Amino acid sequence: MSGSCIVAVVSSVCSPDPPSRCAPGLAWIALVAVGAAGVLVFWAFPALPFQDLPAHAGLIALRARLGTPGGFEARFFVMATRIGPYSLFHWLGAVFAAAMGPVGAVRALATLPVIVTPLALLFARRRLYGDAHPAVGHLGLVLSFGYMTVLGFASYLLGVALLLVGLTLWLELMASVDAREPAAWRREMAVVIVAPMILVTHGHAFLVFLVLAGVCAVAAGARVRRIVRLRPLCRGWRSRSTW
């Protein structure tokens, strides 16, 4: 998902004219059906269909071999993993590979953004406008299949989906800070929980989240109180610089 796609997502979620709040059940069924048909592209073909996916399958298989005690590679290499960008995908890849092998694991990883992106947009629309029309979910499906999908950047697409969730929580925090709500600390804790999840999914998505959070903090409202709330994100930036 490119920068222009992120702008399109934010514009659609923040549209001042939300669609009808009473979407018929058929529209939701259609959303699920279209999403299920969309993910078939990752499962219906014998070969992995997008650029980096075969390399990801090879990496998952190699990591499994390096982690096997007594294996040939283990005699010459030591796998010392650390928590950082891509950690979530490494862990999910290992879990999926144990159940369906490296190729199946990559298919499952590529499927995740197609599921999570529509859910992230629906979450944002519901929290910011009290509306969750299935049209927003269809937009998420459309944005799940773009240039980044062709390149096989599933980790980045999942990171962008989590970025949308984090940005939604951040906007809610900014509104609470402006209103001097006593419960603003709860919204801040939600951001503190989600921000590391963005970081361990994809480093660049975390950087984009930091930039957007900073812009939101200084764009309007009580700027000083908003900037103070950037403290946990600044700590995340310092932590990232050590990885």
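Which ³J(HN,Hα) values in Hz, rounded to whole numbers, follow from the phi angles of segment 170-176 under the Karplus curve 6.51 cos²θ - 1.76 cosθ + 1.60, where θ = phi - 60° and Gly and Pro get x?
5, 4, 5, 5, 4, 5, 5
Can you work out ³J(HN,Hα) from phi for every residue in segment 50-63, in order, using Karplus 6.51 cos²θ - 1.76 cosθ + 1.60 and θ = phi - 60°, giving whole Hz and x for Gly and Pro?
10, 3, 8, 4, x, 5, 5, 4, x, 5, 4, 5, 5, 4
For segment 84-243, what does the convex hull of the Cα positions come to per residue, in cubic angstrom?
121
Mind listing which trypsin sites (Lys or Arg not before Pro) in segment 162-200 are in a DSSP loop and have 12 or fewer other Cβ atoms within 10 Å?
For trypsin sites (Lys or Arg not before Pro) across segment 162-200 that sit outside H, G, I, E and B with at most 12 neighbouring Cβ atoms in 10 Å, the list reads Arg180.
So what J values fall out for segment 90-102 if you push phi through Karplus, 6.51 cos²θ - 1.76 cosθ + 1.60 with θ = phi - 60°, rounded to Hz, Gly and Pro as x?
Values, residue by residue: 4, 5, 5, x, 5, 5, 5, 5, 5, 9, 9, x, x Hz.
Charges only on Cβ, +1 for Lys and Arg, -1 for Asp and Glu: so what's the dipole of segment 130-243 about the Cα centre, in debye to the nearest 20?
Dipole size: approximately 540 debye.
Each value in this text was obtained by applying a stated rule to the coordinates, not by laboratory testing. Please read these numbers as outputs of a predicted model, since none were measured by experiment. When we count neighbours, we look across all protein chains shown, and the Cβ atoms used for this are built from the backbone with ideal geometry, even at glycine.
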